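Since the structure comes first, as structure tokens, the remarks are kept for the end.
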Protein chains: 2
Amino acid sequence: MKIVIVGGVAGGATAAARIRRLDEQAEIIVFERSGYVSYANCGLPYYIGGVIEDPEDLTLQTPESFFSRFRVVMKVRHEVIAIHPDEKKVTVRNLENGSEFEESYDKLLLSPGAKPTQPRLPGVGLEKLFTLRTVEDTFRIKDYIQRNQPKSAVLAGGGFIGLELAENLRESGMDVTIVQRPRQLMTPFDADMAAFIHGEMRKRGVRLILGHTVEGFEEKDGGMDVLLKDEAPLHADMVVLSIGVTPDTGLARDAGLKLGIKGSILVNDRMETSAQDIYAVGDAVQVKHAVSGQDALISLAGPANKQGRIAADNICGGDSRYVGSLGSSVIKIFDLTAAVTGLNERNAKAAGIETDQVVLSPMSHAGYYPGGRLMTMKVLFEKGTYRLLGGQIIGYEGVDKRIDVLAAAIHGGLKATELKELDLAYAPPYSSAKDPVNMAGFMIDNIAKGNLKQFHPRDVAKLPRDGSVTLLDVRTPEEYENGHIDGFANIPVDALRERLGEIPDKKPVYVMCQSGLRSYIACRILSGYGFACRNLSGGFRFYSAVMH
Amino acid sequence: MKIVIVGGVAGGATAAARIRRLDEQAEIIVFERSGYVSYANCGLPYYIGGVIEDPEDLTLQTPESFFSRFRVVMKVRHEVIAIHPDEKKVTVRNLENGSEFEESYDKLLLSPGAKPTQPRLPGVGLEKLFTLRTVEDTFRIKDYIQRNQPKSAVLAGGGFIGLELAENLRESGMDVTIVQRPRQLMTPFDADMAAFIHGEMRKRGVRLILGHTVEGFEEKDGGMDVLLKDEAPLHADMVVLSIGVTPDTGLARDAGLKLGIKGSILVNDRMETSAQDIYAVGDAVQVKHAVSGQDALISLAGPANKQGRIAADNICGGDSRYVGSLGSSVIKIFDLTAAVTGLNERNAKAAGIETDQVVLSPMSHAGYYPGGRLMTMKVLFEKGTYRLLGGQIIGYEGVDKRIDVLAAAIHGGLKATELKELDLAYAPPYSSAKDPVNMAGFMIDNIAKGNLKQFHPRDVAKLPRDGSVTLLDVRTPEEYENGHIDGFANIPVDALRERLGEIPDKKPVYVMCQSGLRSYIACRILSGYGFACRNLSGGFRFYSAVMH
Ligand SMILES: Cc1cc2nc3c(=O)[nH]c(=O)nc-3n(C[C@H](O)[C@H](O)[C@H](O)COP(=O)(O)OP(=O)(O)OC[C@H]3O[C@@H](n4cnc5c(N)ncnc54)[C@H](O)[C@@H]3O)c2cc1C
Ligand SMILES: Cc1cc2nc3c(=O)[nH]c(=O)nc-3n(C[C@H](O)[C@H](O)[C@H](O)COP(=O)(O)OP(=O)(O)OC[C@H]3O[C@@H](n4cnc5c(N)ncnc54)[C@H](O)[C@@H]3O)c2cc1C
Ligand SMILES: CC(C)(COP(=O)(O)OP(=O)(O)OC[C@H]1O[C@@H](n2cnc3c(N)ncnc32)[C@H](O)[C@@H]1OP(=O)(O)O)[C@@H](O)C(=O)NCCC(=O)NCCS
Ligand SMILES: CC(C)(COP(=O)(O)OP(=O)(O)OC[C@H]1O[C@@H](n2cnc3c(N)ncnc32)[C@H](O)[C@@H]1OP(=O)(O)O)[C@@H](O)C(=O)NCCC(=O)NCCS
């Protein structure tokens, strides 16, 4: 059997290795357009920032090591320029010398990935306008920095790659500005959670220009101007375009393969395309979102690796299935860790799912053990059914842990109320006896049982201030003095029972505290005296971050 | 409704707070024998070692704070000395003045915990023989150390508390010896995994005297002698007895409540005892192991807290159920983190479950990103059915994360083969595109599909050295030179195809490398040429640790 693979990185290299492990006799040829295989895409920003020092660390394998271990022929600087499904052949161009040749296959696997989205704007293509995808792109940026010592950079686009670059360039001492049309960075997060990311970026001196449309680029004064709509241009010594990625599927389209969203390749759960004996995996394919069941593009390395292995199994006569992706991802943003899994509010709404949510601020580990820090955790579930939909967490230590636990819980089909039952490992340096995930479960259980009714930061401005409802802040007088929401009167939770007389009878009470915990207790107390109460979800801490 | 609670710490205090949140009118009285409520049992060793500096950090609440927030009457230094289920009364002794009184209840909750197991040995009770359970015990040990500056300590018993104490005493500069009858520390782990713990303890200068029976204690030369069977006594300036805990259930026994293992209190999944209106939770009760379904004693704070909340719900007329425990736990051992969930081989065998397992040594995060370290991970599943039974992980960063993911996966009823599908969050500082948990899943999938056959460290000595089988070490010559197993010949994996002629035809091949990965690849190559192969599970790295 002869297998040809297009793309020699996450999906392609993994598939090649796996096919060899399943079939010692197969002939395996991988064509890779760039000069490198098995490279660590995800490490590239850290090489630019100097966190990863040795360029050799960027490639997990070379064509030579791949051949000696796997007898896979890795042809770098070879681009597959056409697929002929009927003849079971591909046309390949040797980029070193421009020569072209045909290669036949019994099975073809496409893992061409996704390319940086290039808007049709004036100036795209200029030398100082960089994009980051390959090792070559990385060296180009690094070289430029070393030779020109740029003092400032504008990043157009604030997703994963933009943010990782922002951190790395900032840490090397540059002035960094992120500009983009969306009003929030990192769209896998809801806007409320993204506020914490904005806070960290600003604290670190990264300038954020959100909600502004880039209209083009111009070379100017030895640097670049980024042209904005209705606004003076931004000037910087270099610009990186990082507004997202687009499936790199011209090849598949030209071959007549069926395509999905944004030109992605359509595959079934065996990673088979619409054409006989052609498989596709990775950033180039459309997948099912495991929670919404909807079509999705998910450009992440975990799914690409898993799909590569599944395609390999099926190519070798097995039957492996891709169960869909949760879009679980995590990013380091300076000291902060931000992680997400499953659906966020926006996606859920788009999928027609009615959501409810809890927001909490637990410690990373037991408060009495040194080093613990707060995280902000938002857990989403379906209203009424309590189906667990997703989670978003931002904080420090232990954020990645709780997201992975939530991901496993979603995979296991747990209801959101069942999070309270998870038996997680506890010792003071690692967690609390009530782990944050359990705590979210308790809160959701309270919603399910009618013990907790909430209102949200977005509701606060609309609350009547005419005395028809009571607005209550149950923090200490000191906390209240340091900042409170207009219209909320202060009665500390521990004085509530003595001062019940101050709360007008029969009127609904909207209660808030710092995190939501004390106000929940206050609500329980007030409920015991017949008041209808609502608790500010996430408390003043969340409110301040969101409203900032 | 009047609720009396015995024990004001993990289970008892949690239940008291929850009952108040559910019922503002209830009368809640907690009797606590010691002088403190809501104390951080799990933090006590760290106060002794000075990691936690402020003694106030050891109590999360005081009777005063509990009253002002929850209107719960917390009577410290009050011991409940009898329960009268028929009269719905308890007899209480005020330990300050010796007076006794009766207190009636509508509902009684027992959360008396477990006490340090005290063997009937000569010398038990001596002043310099400490145990650690309460805040008072902690102060006693801390005072003794501050006043007498002991240079050496013997810990009798090497479980969680023994090890945490060993670390804390060692870090304060003392000579520390752990002595016990079992041949391994930390019995929640299998002996092979415990070997890594032994290694760390010895590296840190803790002397381990395993497999030796303590026969008594004697004051000697201003310190203590620990008398051993058939052996010279151990001498030290202080001794702590930490051989385990026993349910503190004299009270329940005397009241005629039905008891289980080791005198624990029998409860149903609503935490109801055999007596009307009496509930019990925490270390004192017998639970169901969520994997084996067998009766178990699990003395951990997470379960105690969860059970306290469940009992509270039921006391207040709700219907909450305890789903059983996985025994998930984690411990810091100097720099090392060791964590476990579900069944280990020993427990599984005792439960009549036939197990199989994978052992792997993945990096905590992507190898190319600085700071990653190896962990050793053992995942257990049921032979044939691939039911996920448990996991044990020892390493550094990220160990607690993977155990919690495994715990969630077990809870979700995932098959061990499904671990390969978990969509976990990946970025270089946090994980690898193939997360360790996924990797375990790949390996188990290979076993399920017949692509991976294993042999284990315990089998190595029994392998024939008579040429009837081939023993192959596929590491590099340098690695081989640095240490190998007798009888294994060296052919590096990357030279295997060229040197196939050196491998005798038709004979089974037992292959090993450092971690198991290269030897797995070698097995796949050899299988392709018709050889029957077996892979050394965990590789030389695991073998050396286990055999040491
Ligand atoms: C800077 C950066 C940081 C990232 N960080 C993370 C992260 O932290 N976490 C995460 O999960 N994911 C991250 N990703 C995404 C992750 O790298 C991708 O999801 C993953 O690599 C996709 O695998 P793939 O095999 O589909 O495509 P790729 O790994 O991109 O490989 C596709 C290869 O195919 C080659 N190719 C394309 N067309 C042809 C052709 N016609 N002929 C020959 N070769 C062709 C390309 O040159 C490319 O090398 C990051 C990506 C980048 C660029
Ligand atoms: C040193 C140490 C370290 C630990 N570390 C960890 C860890 O890292 N992780 C973990 O999960 N678990 C740990 N534990 C175990 C954890 O603390 C217990 O599982 C948990 O506290 C059990 O809760 P409980 O309510 O059942 O009992 P406890 O919390 O022990 O509370 C029982 C209380 O009841 C009181 N009492 C008993 N009988 C009477 C009576 N007749 N009248 C009045 N009062 C009575 C006792 O004085 C005691 O204070 C540790 C325990 C200790 C001692
Ligand atoms: C380097 C690369 C070729 C490795 O592919 P690979 O050989 O499939 O992956 P690994 O080296 O992680 O090995 C995994 C295999 O070893 C097995 N394995 C791992 N540890 C083992 C052990 N201790 N014992 C036995 N088998 C083991 C796994 O089961 C798996 O084999 P399988 O797929 O046949 O089940 C590929 O991952 C790659 O190119 N990566 C870089 C690109 C990339 O992923 N970029 C995006 C992220 S930055
Ligand atoms: C201190 C102690 C009394 C606290 O009990 P508690 O009030 O139940 O626990 P917490 O303070 O963690 O609060 C949890 C409650 O707040 C709710 N909550 C937490 N964060 C919230 C938020 N942001 N918004 C709304 N509610 C929130 C939870 O739902 C839960 O309420 P519920 O049980 O009614 O559902 C008890 O845990 C204790 O004594 N602990 C020390 C002893 C111990 O556990 N030792 C062993 C480990 S060292």
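Which of the listed residues, B:Ala350, B:Val30, B:Ala489, is farthest toward the dipole's positive end in chain B, when Lys, Arg count +1 and Asp, Glu count -1 at the beta-carbon?
The Cα lying farthest towards the positive end belongs to B:Ala489.
Take the Cα coordinates of segment B:410-489, assign each an equal point scatterer, and use the Debye formula without solvent to give log10 I(q)/I(0) at q = 0.12, 0.13, 0.27 Å⁻¹.
For the requested q values the scattering log ratios are -0.59, -0.67, -1.18.
Modelling each spin label as a point 7 Å along the Cα-to-Cβ direction, I'd like the B:Leu126/B:Glu215 distance in nm, to one decimal.
The two pseudo-label positions are separated by 1.5 nm.
Once the protein assembly as shown is represented by equal point scatterers at the alpha-carbon sites, with solvent omitted, what log10 I(q)/I(0) does the Debye formula produce at q = 0.05, 0.06, 0.08 Å⁻¹?
-0.36, -0.52, -0.92
Among A:Leu110, A:Ser172, A:Leu300, whose Cα projects farthest towards the positive end of the dipole of the protein assembly as shown, with charges put on the beta-carbon of Lys, Arg (+1) and Asp, Glu (-1)?
A:Leu110
Treating only the Cβ of Lys, Arg, Asp and Glu as charged (+1, +1, -1, -1), what charge dipole size does segment B:222-373 show about its Cα centre? Round to the nearest 20 debye.
The dipole magnitude comes to about 340 debye.
Set the Förster radius R0 to 60 Å, insert the Cβ-Cβ distance between B:Asp319 and B:Arg458 as r into 1/(1 + (r/R0)^6), and round the FRET efficiency to 0.05.
Using R0 = 60 Å, I get an efficiency of 0.80.
When the gyration tensor of segment B:228-343 is built from Cα positions, what are the square roots of 5 times its three eigenvalues, in whole Å, from largest to smallest?
With the √(5λ) rule applied to segment B:228-343, the semi-axes are 32, 20, 13 Å.
Can you list the equivalent-ellipsoid semi-axes of segment A:281-424, largest first and in whole Å, using the square root of 5 times each Cα gyration tensor eigenvalue?
29, 19, 14
Report the accessible area of A:Ile485, computed with a 1.4 Å probe over the heavy atoms of all protein chains in place, in Å² rounded to the nearest 10.
Accessible area, nearest 10 Å²: 10 Å².
In nm, what does the list of distances from B:Ala350 to its counterparts in the other copies look like, shortest first, when each label sits 7 Å along Cα to Cβ?
5.2
Local charge sum around A:Leu210 (other residues, Cβ-Cβ under 12 Å, Lys/Arg +1, Asp/Glu -1)?
+4
Assigning unit charges at the beta carbon (Lys, Arg +1; Asp, Glu -1) and nothing else, what dipole magnitude in debye, to the nearest 20, does chain B show about its Cα centre?
Value, rounded to 20: 1280 debye.
Relative contact order for segment B:331-444 using alpha-carbon pairs under 8 Å, separation at least 6, rounded to a whole percent?
29 percent
Convert 4 °C to kelvin, take the viscosity as 1.567 mPa s, use the Kirkwood radius over C-alpha pairs of segment B:208-292 as Rh, and evaluate the Stokes-Einstein diffusion coefficient in µm²/s, rounded to a whole number.
Estimated diffusion coefficient is 81 µm²/s.
Please sort by residue number the trypsin sites (Lys or Arg not before Pro) in segment A:79-148 whose DSSP state is loop and whose Cβ has at most 15 other Cβ atoms within 10 Å.
A:Arg120
Which of the GluC sites (Glu not before Pro) found in segment B:21-128 are loop residues per DSSP with 11 or fewer other Cβ atoms within 10 Å of their Cβ?
B:Glu53, B:Glu87, B:Glu96, B:Glu127
Within segment B:358-435, report the trypsin sites (Lys or Arg not before Pro) that DSSP leaves as loop and that have at most 16 other Cβ atoms within 10 Å.
Passing sites in segment B:358-435 are B:Arg373, B:Lys383.
So how much slack lies between A:Asn148 and A:Glu502, counting 0.36 nm per residue of separation and subtracting their Cα-Cα distance, in nm?
Fully extending the segment from A:Asn148 to A:Glu502 adds 120.7 nm.
Taking the Cα centre of segment B:326-475 as the origin, how large is its charge dipole in debye, to the nearest 20, when only Lys and Arg (+1) and Asp and Glu (-1) carry charge on their Cβ atoms?
My answer is approximately 300 debye.
Nearest-5 percent of antiparallel DSSP beta bridges in chain A?
55 percent
Before anything else, pin down the relative contact order of chain A: Cα pairs under 8 Å, at least 6 apart, normalised by residue count, whole percent.
11 percent
So which aspartates and glutamates pass the test for B:Lys203, namely a Cα distance under 15 Å, with those fewer than 8 places away in the same chain ruled out?
B:Glu167, B:Glu171, B:Asp175, B:Asp335
What share of Cα pairs, in percent, lie more than 15 angstrom apart in segment B:292-348?
Of all Cα-Cα distances in segment B:292-348, 60 percent exceed 15 Å.
With axes computed from alpha carbons, what is the tilt in degrees of helix A:399-411 against the longest principal axis of chain A, rounded to the nearest 10 within 0 to 90?
So the inclination is approximately 80 degrees.
Give me the Å³ per residue figure for the convex hull around the C-alpha atoms of segment A:150-209.
Enclosed volume per residue, from the Cα hull, is 65 Å³.
Give the percent of DSSP beta bridges with both residues in the protein assembly as shown that are antiparallel, rounded to the nearest 5.
The answer is about 55 percent antiparallel.
Putting +1 on Lys and Arg Cβ atoms and -1 on Asp and Glu Cβ atoms, find which of B:Leu228, B:Thr249, B:Met238 reaches farthest to the positive end of the dipole of segment B:211-253.
B:Thr249
How big is the convex hull of the Cα atoms of chain B, per residue, in Å³?
176 Å³
Could you state how much accessible area A:Leu257 has, in square angstrom rounded to the nearest 10, with a 1.4 Å probe and all protein chains kept in place?
Rounded to the nearest 10, the figure is 10 Å².
Taking C-beta distances below 4.7 angstrom as the pairing criterion, name the unpartnered cysteines of chain B, in sequence order.
Flagged as lacking a Cys partner: B:Cys42, B:Cys316, B:Cys513.
Let's test the formula: R0 of 25 Å, r as the Cβ-Cβ distance of A:Asp277 and A:Leu95. What FRET efficiency results, to the nearest 0.05?
0.45
Give the Kirkwood hydrodynamic radius (Å, one decimal) of segment A:236-284, defined as one over the mean of 1/r across all pairs of different Cα atoms.
12.1 Å
A:Lys89: which lysines have alpha carbons under 17 Å from its alpha carbon, excluding same-chain residues fewer than 8 sequence positions away?
Answer for A:Lys89, where 17 Å is the Cα cut-off: A:Lys2, A:Lys75, A:Lys107, listed by chain and number.
At a threshold of 8 angstrom on Cα-Cα distance, excluding pairs fewer than six apart, so keeping six or more, what relative contact order does segment B:235-374 reach in percent?
Relative CO of segment B:235-374 lands at 15 percent.
Axis carrying B onto A: which residue of B has the nearest Cβ, and how far, whole Å?
Its Cβ sits closest to the axis: B:Gly412, 1.
Find every distance from the label point of B:His84 to the corresponding label point in the other copies (7 Å from Cα along Cα→Cβ) and write them in nm, one decimal, shortest first.
Label-point distances to the other copies, shortest first: 9.9 nm.
Using only Cα atoms, find the angle between the long axis of helix A:10-22 and the longest principal axis of chain A, and express it within 0 to 90 degrees, rounded to the nearest 10.
For A:10-22 against chain A, the angle is about 70 degrees.
The values are calculated or read from the model by the stated rules, or taken from the named source; none is laboratory data. Keep in mind it's a predicted model, so treat the numbers as computed, not measured. Every residue, glycine among them, receives a Cβ derived from its backbone with ideal geometry; neighbour counts consider all protein chains shown. These area figures cover heavy atoms from the full protein model, side chains too; ligands, DNA and RNA do not enter into them. Shrake-Rupley method; radii C 1.70, N 1.55, O 1.52, S 1.80 Å.
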